[in-house]
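Chemist: So that we are looking at the same thing, I have put the structure below in structure tokens.
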Protein chains: 6
Amino acid sequence: MPYVKIEVTREGVTREQKQQLIKGVTDLITEVLNKDPHLTHVVIKEIDTDNWGYAGVQTSVLREQGITADKK
Amino acid sequence: MPYVKIEVTREGVTREQKQQLIKGVTDLITEVLNKDPHLTHVVIKEIDTDNWGYAGVQTSVLREQGITADKK
Amino acid sequence: MPYVKIEVTREGVTREQKQQLIKGVTDLITEVLNKDPHLTHVVIKEIDTDNWGYAGVQTSVLREQGITADKK
Amino acid sequence: MPYVKIEVTREGVTREQKQQLIKGVTDLITEVLNKDPHLTHVVIKEIDTDNWGYAGVQTSVLREQGITADKK
Amino acid sequence: MPYVKIEVTREGVTREQKQQLIKGVTDLITEVLNKDPHLTHVVIKEIDTDNWGYAGVQTSVLREQGITADKK
Amino acid sequence: MPYVKIEVTREGVTREQKQQLIKGVTDLITEVLNKDPHLTHVVIKEIDTDNWGYAGVQTSVLREQGITADKK
């Protein structure tokens, strides 16, 4: 009976990316824990950049300073 | 000191239904656990159907296929 | 596709009380939102009284002072 | 590796207030637990007053009755 | 800045399985969203079977009845 | 009506540190948002180091490698 919550900043995540996350996480749990996928729920929460703080600073401020969360 | 979070898909839950959920859960906790209702908080979170996955598929896709969550 | 989380202080909630909460919340959601109960998951989290703060004070301290959360 | 979630009713919290909450919580955790602030994430969630229940009543109804959450 | 929470019933998840979940989810988010993995935190919560309800019944009761969550 | 959840790894947080976190967060919210502290609940969750992943690795493994979360 797994439940998964994914929180990310609201920065243009597409419908297709959401589907990839949902499918990927559900498959992973099915493989690793052998769970029936019909018992797995995945919820994605997008958080405004004003509302997510990292190291004490709003993400919206970090973005204005040109600091991204991108993989280098 | 109970705190209850109810997550549902955002599919037209009315203000009255929310009040029924809040009242019903608070009464239930008061009865079962004998808690002072002034210490019980209930938070309802409505999740876009693109953001809720079930069995690896977005709820929005399930709805397009005519699959509902209704009680039969 | 509802998911419900109930957080209470860890103060001797019995197995039967947990079952009453699970049954009561699931029935409530089925009635109010007409949801298939096979899509409703309820998770109860018991929190140590040292780890729950109310009005800035640990619940364990409140209990030592004779302050309960009981319904009057 | 702390993660902090702050839930408040959506009643006009300003960008500056959010920054004060993020900064204040991160500083507190750094001081009390000696954690590297680059490992601390703070997420603020604003909840519609129809969706937050207190003592079995929607906050929006409480506000209509002139009952606030303000410090006296 | 993703944060992921995975909730499963406490039924003997091994340390290795936890590592597979953590690695798998982090890789997935890095691929799909191009996020720096140093900003991704994954938290696994194991819930006692008395505390997880499905379709109104405690998982511990379902298990006593021989009903598992295994993939068929 | 604020609710705050603080998640940290379970690495010897003392009762006094928990009280400092609870008091500090409640005071912060009272000051910044002018909220009645009797409506603020703070919940601390300690997560086993096997169950917290950072950058795709279990915290328990990071600790074995001598990597801490301490402020430098």
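Chemist: Looking only at segment E:14-59, count how many residues are without any contact (Cβ under 8 Å) to a residue 12 or more places away in the chain and either on the phi < 0 side of the Ramachandran plot or in contact with a helix residue (DSSP H, G or I) (Cβ under 7 Å, 6 or more places away or on another chain) (or both).
Modeler: Step one: list which residues in segment E:14-59 are without any contact (Cβ under 8 Å) to a residue 12 or more places away in the chain, which gives E:14-17, E:19-20, E:23-24, E:27-28, E:30-32, E:34, E:36-38, E:50-51, E:53-58.
Among the residues that remain, those that are also either on the phi < 0 side of the Ramachandran plot or in contact with a helix residue (DSSP H, G or I) (Cβ under 7 Å, 6 or more places away or on another chain) (or both) are: E:14-17, E:19-20, E:23-24, E:27-28, E:30-32, E:36-38, E:50-51, E:53-58.
Of the residues in that region, 24 qualify.
Chemist: For segment D:29-51, check the following and say yes or no: at least one residue is farther than 30 Å from residue B:38 by Cα, among the acidic types (Asp, Glu) and over 16 Å from the mean Cα position of the chain (by Cα). Walk me through it before giving the result.
Modeler: First, the residues of segment D:29-51 that are farther than 30 Å from residue B:38 by Cα: D:30-41.
With among the acidic types (Asp, Glu) added as a condition, the list becomes D:31, D:36.
Still in the running and over 16 Å from the mean Cα position of the chain (by Cα): D:31, D:36.
Yes; the residues of segment D:29-51 include at least one that is farther than 30 Å from residue B:38 by Cα, among the acidic types (Asp, Glu) and over 16 Å from the mean Cα position of the chain (by Cα).
Chemist: Out of all the residues in segment B:57-72, which are surrounded by fewer than 20 Cβ atoms within 10 Å (Cβ to Cβ) and of a type in the set (S, T, N, Q)? Please lay out each step first, then the result.
Modeler: Kept after step one, since they are surrounded by fewer than 20 Cβ atoms within 10 Å (Cβ to Cβ), are these residues of segment B:57-72: B:57, B:60-68, B:70-72.
Scanning segment B:57-72 gives B:60, B:65, B:68.
Chemist: Which number in (1) touching a Ser or Thr at 6+ places or on another chain (Cβ under 6 Å); (2) surrounded by fewer than 20 Cβ atoms within 10 Å (Cβ to Cβ) marks the one condition that residue E:38 misses?
Modeler: Going through (1) touching a Ser or Thr at 6+ places or on another chain (Cβ under 6 Å); (2) surrounded by fewer than 20 Cβ atoms within 10 Å (Cβ to Cβ) one by one, residue E:38 breaks only (1).
Chemist: Tell me whether segment D:49-56 contains one or more residues that are under 21 Å from residue E:40 (Cα atoms) and either at pLDDT 95 or above or surrounded by 22 or more Cβ atoms within 10 Å (Cβ to Cβ) (or both). Let's see the steps before the verdict.
Modeler: Step one: filter segment D:49-56 for residues under 21 Å from residue E:40 (Cα atoms), giving none.
So far as segment D:49-56 goes, no, none of its residues is under 21 Å from residue E:40 (Cα atoms) and either at pLDDT 95 or above or surrounded by 22 or more Cβ atoms within 10 Å (Cβ to Cβ) (or both).
Chemist: Shifting gears a bit: For segment C:1-33, name all the residues that are among the charged types (D, E, K, R), facing chain E (nearest Cβ under 10 Å) and crowded, with 21+ Cβ neighbours inside 10 Å.
Modeler: Listed by number, the list holds a single entry, C:18.
The values are calculated or read from the model by the stated rules, or taken from the named source; none is laboratory data. Quantities reported herein were computed from a predicted structural model and do not represent experimental measurements. Positions of Cβ are backbone-derived with ideal geometry, glycine not excepted, and every protein chain shown enters the neighbour counts.
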